[in-house]
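Here the structure comes first, spelled out in structure tokens, and everything after it is commentary.
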Amino acid sequence: MSETGDIFYSPTEGGRIISVSVEQNVKQILRTLPGGVKLVAVAKTRTPEQILEAVAAGIKVVGENYVKEAEQARAVIGDRVVWHLIGHLQHRYFSASSSPTRF
């Protein structure tokens, strides 16, 4: 859990911006999801250590915008989560992202 907490938008707090830990936020969101809905944590600009914090709190699916960052994070986190590339994909990264052993 983060010592300082991060800033999150909280629909359960009337849409106010509040400071809570990643663990608190993930658990709150997971409790409110309808059955059959999966939470995809977007890891854009987050370090592998920050992603691991979310995984420890219950995240099972991670979406990453950038192939290079996804490769770095996956090297640390491995297959503890399901990985998805999200957003636009640059042509030079297409072959890396289409490999079944990578994503």
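Taking the stretch 61-70 as the region of interest, how many residues are of a type in the set (D, E, K, R) and surrounded by fewer than 16 Cβ atoms within 10 Å (Cβ to Cβ)?
1
Output the residues belonging to the stretch 31-69 that are closer than 15 Å to Leu85 by Cβ, assigned to a helix (DSSP H, G or I) and of a type in the set (Val, Ile, Thr).
Correct list: Ile51, Val67.
Are any residues in the stretch 35-60 surrounded by 13 or more Cβ atoms within 10 Å (Cβ to Cβ) and either of a type in the set (A, V, I, L, M, F, W, C) or touching a strand residue (DSSP E or B) at 6+ places or on another chain (Cβ under 6 Å) (or both), and if so, which ones?
Answer for the stretch 35-60, where residues must be surrounded by 13 or more Cβ atoms within 10 Å (Cβ to Cβ) and either of a type in the set (A, V, I, L, M, F, W, C) or touching a strand residue (DSSP E or B) at 6+ places or on another chain (Cβ under 6 Å) (or both): Leu39, Val40, Ala41, Val42, Ala43, Ile51, Leu52, Ala54, Val55, Ala56, Ala57, Ile59.
Restricting to the stretch 72-85, what's the tally of residues that are assigned to a helix (DSSP H, G or I) and closer than 15 Å to Gln50 by Cα?
8
Quick note: the coordinates plus some simple rules give every number you see, no bench work behind them. Bear in mind that the values here come from a model prediction, so they are computed numbers and not experimental data. Using ideal geometry, Cβ is built from the backbone for each residue, glycine included, and neighbour counts are taken over all protein chains shown.
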